[in-house]
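> One structure, as structure tokens, below. Some questions next.
A short reminder: the numbers here are calculations on the coordinates, not readings from a lab. No experiment lies behind these values; they were computed from the predicted model shown. Cβ coordinates were reconstructed from backbone atoms using ideal geometry, including for glycine residues, and neighbour counts include every protein chain displayed.
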Amino acid sequence: MLFLDDLLLSPITGFKFILRTLARVAEEQYTDDAPLKERLLELQLHLDNGDITEEQYIAEETEIFRELREIENRKRELAGVSPKEGRGPISGVVQPGSRAEITFNPEEHNHGE
């Protein structure tokens, strides 16, 4: 009788396995940030080669970072953590009026050349 039960339930068990596998693959793609990081590297190369202007770079970089934050929030949501919870005091967002400054010295950046 146990063998007959296994035979009758095998299509349902197989279907559940397929659904779980599809859900796992979809979740991995939903939270995969590797393509965005590759786009960021390609963008930097285009800027370095002079293919795009700094303004174009900044606009595209901003969009990529926005998408990376969305993926980070999805990962937190799937882990059961609120998007704001667990972040340190540094958010990566400069608030208006903060008078934050960023300076870049190419000589320091290219110290190995």
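> Label LEU19 and ARG74 with points 7 Å out from Cα along Cα→Cβ: what is the distance between them in nm?
2.2
> Could I ask something else about it? Using only the alpha-carbon atoms of segment 22-86 as identical scatterers, what base-10 log of I(q)/I(0) does the Debye formula give at q = 0.16, 0.20 Å⁻¹?
Cα-only, vacuum Debye calculation for segment 22-86: -0.62, -0.80.
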